[in-house]
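Reviewing the structure listed below.
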Amino acid sequence: MQDIANSHLFSPFTLGGVTLPNRIVIAPMQMYEAEDGFANDWHLAHLGRFAIARAGLVFTEVLCVEPRGRSTYRDCGIWKDEHIAPLGRIAELLRRCGSVPGAQIGHCGPKAARQKPWDGLRPLGAEDAARGEPPWTPVASTAEPSAEGYHVPAALTLAEIAAVVDAFGQGARRVAAAGFDVLDIHAAHGYLIHTFLSPVANKRTDAYGGDRHGRMRFALEVAAAVRANFPAPKPILFRLSCIDRVDSGWDMADTLVLAAELRARGIDAIDCSSGGIRGANSLAVFDKIGGPPPGYQVPFAAEIRSRLGMPTMAVGLITEPAHAEDILAQGQADLVAIGREALYDPNWPLHAAIALAGKPDNQRQFGYWPPNYGWWLQYRERQQARRPAR
Ligand SMILES: Cc1cc2nc3c(=O)[nH]c(=O)nc-3n(C[C@H](O)[C@H](O)[C@H](O)COP(=O)(O)O)c2cc1C
């Protein structure tokens, strides 16, 4: 039998000064259950399930650093000190179960003021106002909508840029105060930071626009403000859309330059996503092959890791334990993040432990499971094994 202690997926990983018990990360996923930005028992139960299932690192959904940076009225926030206490309960629960508690902070920029996905994801309008959810004016690098029909955002002034950088710093301070050990900065998916990075979104003519150096300025200022308020050795990841997948967009060469600059400012790892700028369906390129293939974003994590020697996290359609193991074994990433598959199977890490251990004499091994579950299941397994074969 294979011992999962020899697997890559279940080997510990030290990032900054924090050691994760395994390489399985639960990706940040918005639940649209908060009121006034406050996390509540939904978030506690939802995230707690992944910690009971022994994920090495569990991220909260994006915590918005400003109210106007929320994608919907039901986003979680981190813009006031009162948000700390309920998040603190979550961090404590995750740690108690043996997971490392992580939080993501961000600002949705021009993708703010929308309906929840299951209400249509459209920009808030008159009907929403009538039921008590009036739209507000989102902000971005440039006063252009993220997609046709979306709100026209206001371009941030220089004074506002400084205020938003400070809001990221204060958000990081609150995340640390809530007891989280790892932080992820959301700079992907067409959100605020991405609108500064991408040449198709950033049309500014001041110091925050123009060439790559100018377009990176805001991201690097945010990184420095967050690092100052979330002190080393606690690690910080930076989630990037490594490529825009649109003509003349941000590409891998840009990502490599930015990643090196981020590392110089104390960022520990890159969380490798893609797309989302200008609202276009950037995954449409995969239509001719029936949609994005498993691990379609892994090559970005692999390239950063091999070219810069910087730790990376791979995410996106990683659903099979053997695939996750292979990504790590091939040195394509240091961590694998599971998103939707964890919604389908919150016990994914525990099932991965069984799958990777193999099944000698057809008996499943529950040794990695918390004993509260595993003892009983192993007992049942032994009982079942004694039944005569029919
Ligand atoms: C319900 C849901 C909410 C999400 N919310 C966030 C979020 O808050 N921050 C973020 O960076 N990505 C978010 N994502 C993207 C995921 O983190 C992940 O990158 C994406 O789902 C691809 O991984 P998967 O194929 O394993 O689901 C969300 C995805 C889903 C399905």
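What is the sum of charges, Lys and Arg at +1 and Asp and Glu at -1, for the other residues whose Cβ falls under 14 Å from the Cβ of D244? Computed value for this residue: +1. Setting aside same-chain residues fewer than 8 positions from K80, which aspartates and glutamates have a Cα under 14 Å from its Cα? Within the straight-line limit of under 14 Å, K80 reaches these aspartates and glutamates: E35, D36, E66, D166. Annotation: the residues W376, W79, sorted from fewest to most other C-beta atoms within 10 Å of their own C-beta, follow the order W376, W79. When each of the peptides 44-51, 15-22, 65-72 is scored by the mean number of other C-beta atoms lying within 10 Å of its residues, the order from highest to lowest reads 65-72, 44-51, 15-22.
Tally Lys/Arg at +1 and Asp/Glu at -1 over every other residue whose Cβ is under 9 Å from the Cβ of C64; what's the total?
0
Fewest neighbouring Cβ atoms within 10 Å first, the residues K359, K234, K288 line up as K288, K359, K234. For the stretch 158-313, DSSP calls about 0 percent of its internal beta bridges antiparallel.
Give me the one-decimal Kirkwood hydrodynamic radius in Å for the stretch 6-79, with the sum taken over alpha-carbon pairs.
Working: mean 1/r = 0.0737 Å⁻¹.
This gives a value of 13.6 Å.
The ranking of V62, V246 from fewest to most other beta carbons within 10 Å of each one's beta carbon is V246, V62.
Near F13, the amide H atoms lying under 5 Å from its own belong to L20, N22; only residues 5 or more places off or on other chains count, and H is placed 1.01 Å from N. Evaluated with a Cβ-only charge set (Lys, Arg +1; Asp, Glu -1), the chain carries a dipole of roughly 940 debye about its Cα centre, given to the nearest 20. Peptides 222-233, 180-191, 127-138 ordered by packing proxy, namely the average of other Cβ atoms within 10 Å per residue, highest first: 180-191, 222-233, 127-138. For the stretch 166-225, trypsin sites (Lys or Arg not before Pro) are listed when DSSP marks them as loop and at most 15 other Cβ atoms sit within 10 Å of their Cβ; the list is K203.
Treat each spin label as a single point 7 Å out from the Cα along the C-beta direction, and report the W136 to T19 distance in nm. Calculated label separation equals 4.4 nm. Between the residues T205, V139, I185, the greatest Cα displacement towards the positive end of the dipole of the stretch 119-241, with unit charges on the Cβ of Lys, Arg, Asp and Glu, is found for I185. The stretch 1-152: D in µm²/s via Stokes-Einstein (Kirkwood Rh, Cα pairs, 25 °C, 0.890 mPa s)? Answer from the Stokes-Einstein relation: 144 µm²/s. The DSSP beta bridges internal to the stretch 48-152 are antiparallel in roughly 10% of cases.
Could you tell me what % of all Cα pairs in the chain have separations over 31 Å?
Working: 27303 of 75855 pairs.
So the portion of pairs separated by more than 31 Å is 36 percent.
For helix 84-96, what angle does its Cα long axis make with the longest principal axis of the chain, in degrees from 0 to 90 and rounded to 10? Helix 84-96 sits roughly 30 degrees off the main axis of the chain. Taking every C-alpha pair closer than 8 Å and separated by at least 6 residues, the mean separation divided by the residue count of the stretch 217-355 gives a relative contact order of 19 percent. Site pair A177 and A260 shows an inter-label distance of 3.8 nm when each label is modelled 7 Å from Cα along Cα→Cβ.
Relative contact order of the chain, taken over Cα pairs closer than 8 Å and 6 or more residues apart, is 16 percent. Close amide H pairs (under 5 Å, H built 1.01 Å from N) link V58 with I26, V100, G102, residues at least 5 positions away or on another chain. Expressed to the nearest 5 percent, the antiparallel share of DSSP beta bridges inside the stretch 4-358 is 10 percent. Other residues within the sphere of radius under 12 Å centred on the Cβ of N40, judged by their own Cβ, net out at -2 (K and R +1, D and E -1).
Where a number appears in this text, it was derived from the coordinates with a stated rule and is not lab data. All values derive from a computational prediction rather than experimental measurement. Backbone-built Cβ (ideal geometry, glycine too); neighbour counts: all protein chains shown.
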